[in-house]
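Here is the structure we will look at.
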Amino acid sequence: MPERLHTDKELLQMISEGDEAAFRSFFHAWQGRLFHYIRTIIKSPQVAEEVVMDVLTKCWVGRELLPRIEHLEAFMFRVAYHRAIDFLRAASRNPQLVDLLWEEIQMADATEADNQVMIKEYETKLREAIGLLSSQRRKVYQLSREEGLSHKEIAGRLSLSRHTVNNHITEAQRFIQQYLADHLNLVMVFTLLHVVSEKV
């Protein structure tokens, strides 16, 4: 293995001063590592490459701040992780991006049996999350999502205000999405949340 010419601190200082050769060295050192890491979060190689480019471009644009970094590896992977999550959150609101990711999942998993396993895992974790809601919030959520009642109908049945019903549903959705994000692969969470919501 060739000897490193500069320490991380020295390299970051050079980049902060506008040294393009130093940045090219930094770019090539991190491009592959970040790509393989992001691919574990986002299954699409094309999207992963875009996220890598975004992360590294931001390092150059904000280069004056680079010398402040104490632990470069932890910093780079943390930034990459958050950029990947930002993409997945945006994708969950964009049907075209969801379709792209869903196709990537299907190609990666290769078989219908694998897809069914993924869906069953999602459904299991969803039930776990619903079971952790408070009794009242769970009842409101199930009346809305499982029985298809409107907020007005739920309010009348449970003697609650419509505002209270709306609050219960909003907080339940927030908790469930966070629970799924903590317990499932994120690309699975956002694509399946969209797919399931389309079927309801």
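The values are calculated or read from the model by the stated rules, or taken from the named source; none is laboratory data. Predicted, not measured: the structure shown is a model, and the values here were computed from it. Cβ coordinates were reconstructed from backbone atoms using ideal geometry, including for glycine residues, and neighbour counts include every protein chain displayed. SASA here: full protein model, heavy atoms, side chains in, ligands and nucleic acids out. Shrake-Rupley method; radii C 1.70, N 1.55, O 1.52, S 1.80 Å.
What is the one condition in (1) in contact (Cβ under 8 Å) with a residue 40 or more places away in the chain; (2) open to solvent by less than 70 Å² (accessible area, probe 1.4 Å) that residue 13 does not satisfy?
So residue 13 meets the others, but not (2).
Report yes if some residue within segment 103-111 is under 19 Å from the mean Cα position of the chain (by Cα), buried (at least 18 other Cβ atoms within 10 Å of the Cβ) and at pLDDT below 85; otherwise report no.
Yes, segment 103-111 has at least one match.
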